[in-house]
Structures are given as structure tokens and as C-alpha cells.
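Data block below; observations after.
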Amino acid sequence: MLRVAVVGSGPSGVYTAQGLVQQSQVPEVRVDVLDRLPCPYGLVRYGVAPDHEKIKSLQNNLRAVLEDERVRFLGGVRIGPDGLPAARLRELYHAVVYCVGAATDRHLGVPGEELAGSWSATEFVSWYSAHPDSVADGFVLGARSAVVIGVGNVAVDVTRILARGTAELSPTDMPQAALTALAASEVTEISMVGRRGPSQARFTTKELRELGALPDTEVIVDPRELELDPQYNEPSGLPAANRRNVEVLRGWAATPPRGAARRIRLRFFLRPVELLGDGEEGEGRRVGAVRFERTVPDGHGGVTGTGQYEDIDAQLVLRSVGYRGVPLDGLPFDAEHGTVPHLAGRVVRDGTIAPGEYVAGWIKRGPTGVIGTNRPCAKETVTSLLEDAGMLVRRELPEDPLVALRAAGLTPVEWAGWQAIERAEAELGASLGRGVVKLPDWTSLLAAARTARP
Ligand code: NAP
């Protein structure tokens with residue numbers, strides 16, 4: 001029997017487990033999907049925006065895999081020096097596949113980035129997604145204007161959530177505290193700012209269009225800013241997706257403002273150079289504006305500065321400039337790309353393949369692509385693993401890994417524990433007159449898991 005540990009229960013981890021149990025090369029396979037959180041689904045639970053119910057419903061497909069009798073979910077298990085050392089994990093399984101994603105955010109590297117009121121978009125997303133490690137709140141408190149830096153899909157998500165009203169957020173599974181805070185939000189001006197041109201923005205057209213359909217909100221685009229992009233008037237050479245984005249922006253640029261309650265301004269060719277404090281210097285100083293330098297295309301897909309600056313007022317700044325992978329216990333790391341070096345998913349250590357160690361998802365290829373991109377990515381890794389299986393299964397394994405995990409002092413949250421969390425979230429929602437409402441902290445998640453039915 002081939003016994004595999006998959007570390008991480010987000011889409012890449014679950015697609016890896018699915019690939020392993022759905023193949024016919026190795027007749028008997030058992031897969032443990034470990035996660036440091038007591039809840040499965042990774043960014044589908046803690047990244048996909050709460051108002052994107054359709055994408056969230058992908059959880060049903062992932063659930064079917066985790067409920068397969070050959071697959072076991074073991075939550076609340078941290079791999080590393082402060083949990084189960086990676087070397088021990090390797091002893092317990094024939095193969096380990098790391099599907100841990102990109103756990104942190106990229107930095108701007110400009111002065112003022114650490115001012116109060118300046119957050120990474122990931123911190124904001126974690127808060128409204130009820131991630132149990134999220135300790136921050138007060139994002140929108142006292143803010144009237146927000147600047148979102150970056151023009152990817154995460155930037156669109158956080159912009160949309162800032163602009164949504166209570167009536168639209170209440171039916172979602174957003175935690176109650178975030179819902180209450182957003183309901184009281186006085187943010188009416190949101191600027192989403194790209195350092196390059198509209199034809200180079202990273203958001204997808206479906207997500208972009210959604211901004212134009214928000215109640216009581218209008219999207220404002222300055223046609224003069226679009227004209228700075230040489231491909232704006234010559235979009236024929238653009239990939240179809242970018243061309244569609246340009247068409248949507250063109251439509252908005254031609255629409256006169258109608259005086260809606262909230263405004264989303266889409267800005268381009270502005271690169272952030274400094275976050276400016278409001279009031280006196282000192283500890284706890286808050287952000288008051290973002291200083292941008294006007295850029296122009298450099299003819300090679302990049303931009304150069306012009307020495308002209310513009311300050312945009314903001315009491316809330318969300319830096320949405322991409323995720324970044326972090327080094328893992330006992331694994332090689334490519335610091336430039338934030339990924340683990342690999343060959344078709346096999347970890348490469350000092351130029352040679354490390355047998356039995358694999359990667360899939362963002363830690364393998366970097367933080368790009370949509371959820372579905374993880375399917376072929378996981379498939380490639382599974383194919384490599386299965387090619388190695390004949391050699392891997394020759395190693396005798398000590399015992400059922402679950403026994404070893406418990407002996408190491410860990411108390412994994414098994415599937416019944418997760419189902420108990422789901423029940424508690426349904427009960428919480430019912431008590432609040434809402435649908436399912438997520439539990440936002442470790443204490444309540446673990447307490448709910450302990451009520452698991454045997
Ligand atoms: P992203 O797509 O890589 O976008 C990052 C944005 O930050 C780009 O506009 C980039 O501009 C900008 N940026 C990077 N460094 C910057 C700097 N120093 N100053 C100013 N701007 C800077 O990343 P993401 O939005 O975090 O999304 C990550 C992945 O998740 C993407 O593949 C995305 O499609 C996916 N996702 C999908 C959905 C969905 O399907 N609904 C939702 C959320 C996320 P440049 O292009 O100039 O570098």
C-alpha cells in the first residue's frame with residue numbers, strides 16, 4: 001500500500017488527493033490530508049470573497065474527495081519545528097506532497113508602509129473571511145476614503161467588499177464582527193490604482209464587470225488616463241482577456257458620473273512612492289494619503305517615472321500587490337520566486353531530485369492562476385509521484401500515522417470534528433437570523449470540533 005501525506009487542504013492539496021485515489025496504476029493508496037487549521041479548503045474557505053457564493057460552492061466538490069474512504073482529513077496539525085517536524089512526517093509516509101500555497105504577502109518597500117491604517121489586502125481578506133489567525137480589526141473605522149494598491153483580482157475583491165452594503169453582505173457567511181463593522185463603514189471613495197496601463201491589468205473581465213453592477217456605486221474612469229496606454233486605441237494585438245478589460249473600461253470612461261452614494265475610481269499609470277502620515281509624527285501615526293508618481297510606458301511592457309506626483313487621500317490603504325511563498329521546514333527554497341525548486345513536482349535539492357518529496361499549487365508555481373489552474377498542476381505532480389511509487393513503497397512504515405501524531409502530542413481534528421464545526425456555524429447563523437456564519441477564532445473552532453459525534 002502506498003501511503004501519502006498531503007500537507008495543505010486547499011484546492012491544490014485536495015486535487016492532489018483526488019489524483020492519487022482516482023488512478024489505477026497503484027491499486028492501494030491511502031492519503032492523509034493534513035492542515036494546520038482545523039478547517040479544510042484553504043483559500044476557498046479563507047480567500048474566496050464571501051459574496052462569491054458560486055466559487056465558494058466548489059467546496060462541495062472538494063468535500064467529496066475528503067470524504068472518500070481512502071482519504072483522511074487531519075486538521076490542526078502544523079508541520080515544522082513548532083509542530084510535527086518535517087523529517088518525522090517523512091518517516092511516517094512513503095511520500096509527502098506539500099500544497100501549502102503562498103502564506104504571506106509581498107511588500108511595496110516604500111516609506112510609510114507601516115503607518116496605522118495601512119494593511120496588506122491579505123490581512124483584510126483574512127478578517128472578513130474569519131481566518132482564526134486574524135487579530136486585526138478597525139479597518140474601516142473612521143475612514144472615508146480608501147486606496148487599494150494593485151489591479152489584480154484580490155484588489156477587485158477587497159474593493160467590492162468595501163463598496164457592498166449590509167443587505168448584500170448579510171446573507172454571506174462573513175463573521176458577525178466584520179459584518180457589523182462594514183455595516184457602519186463611512187467609506188464612500190475607493191481608488192484602485194495600477195502602476196501600469198489598463199491593457200496590462202491583472203484582473204479578469206468577469207470580476208471587473210462586477211464592480212459596475214454594485215448597488216449605489218459608480219465606477220469612474222478618466223479617459224485621459226486610458227489614452228496614455230498605446231494599446232488602448234490599438235487593442236487588436238492584445239490577448240482576448242485584456243482586450244475585454246479595455247472594452248469594459250472604455251464603457252465606463254464614456255459614462256458621465258450620476259452621483260451615486262459610493263465611487264470606485266480606477267486609476268492607471270501611477271506607482272506608489274510613499275504613504276503619507278496624517279498629523280504629528282510619532283507612534284500610532286495614521287496614514288492620510290498615498291503619494292504616487294505618474295508613470296509612462298517604457299515600450300517593453302514596463303513603465304518609467306515622470307517626476308510628476310499625485311497624492312490621493314486615504315485613511316485606509318490596502319496593499320494588494322500579490323502573495324508570496326515562505327520557506328518550509330527542511331525543504332529547499334527559491335527566495336527570488338518564493339517557491340520550492342522542483343522538476344515536474346518532484347522537489348529538487350542541491351540539484352538532485354529528493355525522492356518522496358513533492359510540491360503542487362502556489363508553492364510549486366507561484367501565486368498565479370485561478371482555482372482550476374491547480375488541477376493540471378496537481379496532476380503533473382501526481383504523475384511524477386506514481387512513477388516513483390514502485391521504489392517508494394519498498395520502505396517499511398512504522399505504524400498508522402495517526403497513532404504517531406497522537407504520540408507526538410498532537411490532537412488532529414478529524415472529519416467528524418470538522419463536521420461539528422460546520423454544525424456550530426449553522427447554529428450560530430440561525431441564532432443571528434442569518435445563514436451559516438463562520439466562527440472567527442481558534443477557541444470557538446476547537447471547542448466546536450470537540451463536540452464531534454463519535
Ligand atoms: P496579481 O494578479 O499578481 O496582481 C498583483 C497586482 O499588484 C498587479 O496589478 C501588480 O502590478 C501589482 N503590483 C505588484 N507589485 C507592485 C508594486 N510594487 N507597486 C504597485 N503595484 C504592484 O495578484 P493577486 O491579485 O493577489 O491575485 C493572486 C492570484 O489569485 C491571481 O492569479 C488571481 O487571479 C487569483 N485570484 C482570483 C480570484 C477570482 O478568480 N475571483 C480572486 C482573487 C484572486 P504589475 O502587473 O505591474 O506587476
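Assorted remarks:
- Within the chain, helix-based [θ] at 222 nm, where runs of 4 or more DSSP H residues each add -39,500 (n - 2.57), nearest 500: -9000 deg cm²/dmol
- Based on Cα contacts under 8 Å between residues 6+ apart, the chain shows a relative contact order of 22 percent.
- D (Stokes-Einstein, µm²/s), Kirkwood Cα radius, the stretch 312-454, 1.002 mPa s at 20 °C: 111
- Spatial offset of the stretch 392-454 relative to the stretch 141-218 amounts to 32 Å, using the alpha carbon center of each.
- Net charge dipole, the chain: roughly 940 debye, given to the nearest 20, about the Cα centre with Cβ charges of +1 for Lys and Arg and -1 for Asp and Glu.
- Separation of alpha-carbon centers, the stretch 1-70 and the stretch 277-356, rounded to whole Å: 29
- Per-residue ³J(HN,Hα) for the stretch 16-31, Karplus 6.51 cos²θ - 1.76 cosθ + 1.60, θ = phi - 60°, Hz, x for Gly and Pro: 5, 4, 4, x, 5, 8, 8, 8, 10, 5, 10, x, 10, 10, 10, 10
- Normalised by the number of residues in the stretch 106-322, the mean separation of alpha-carbon contacts (under 8 Å, six or more apart) gives a relative contact order of 32 percent.
- Cα gyration tensor category, rounded, prolate or oblate, for the stretch 106-322 with a/c compared to 1.5: oblate
- In this structure, residue 410 and residue 333 have a Cβ-Cβ separation that, at R0 = 41 Å, corresponds to a calculated FRET efficiency of about 0.95.
- Cα gyration tensor shape of the chain, rounded if a/c is under 1.5, else prolate or oblate by comparing a/b with b/c: prolate
- Distance (nanometres) between label positions extended 7 Å along Cα→Cβ at residue 285 and residue 91: 5.3
- Whichever lysines have a C-alpha closer than 22 Å to that of residue 54, once near sequence neighbours (fewer than 8 apart) are set aside: 206, 438
- Taking the average, over residues, of other Cβ atoms within 10 Å as the packing measure, peptides 10-23, 396-409, 83-96, 422-435 rank 10-23, 83-96, 422-435, 396-409 from highest down.
- Here's how it looks for residue 277: its modeled amide H is under 5 Å from those of 288, which are all 5 or more places away or on a different chain.
- Given +1 at the Cβ of Lys and Arg, -1 at the Cβ of Asp and Glu and no other charges, the dipole of the stretch 296-362 around its Cα centre is 320 debye to the nearest 20.
- Inverse of mean 1/r across different Cα pairs in the stretch 11-120, Kirkwood, Å: 16.3
- Axis angle, to the nearest 10 degrees, between helix 374-392 and the longest C-alpha principal axis of the chain: 20 degrees.
- Of the trypsin sites (Lys or Arg not before Pro) found in the stretch 327-394, those in coil by DSSP whose Cβ has at most 12 other Cβ atoms within 10 Å are 394.
- Cα gyration tensor shape of the stretch 1-67, rounded if a/c is under 1.5, else prolate or oblate by comparing a/b with b/c: prolate
- Within the shell defined by Cβ-Cβ distances under 15 Å, the residues around residue 225 carry a net charge of +3, with Lys and Arg each +1 and Asp and Glu each -1.
- Across all Cα atoms of the stretch 65-104, the radius of gyration (one decimal) and Dmax (whole number) stand at 11.8, 33 Å.
Throughout, read-outs are computed from the coordinates displayed, never taken from laboratory work. Just so it is clear, the structure is predicted and the values come from calculations on it, not from any experiment. When we count neighbours, we look across all protein chains shown, and the Cβ atoms used for this are built from the backbone with ideal geometry, even at glycine.
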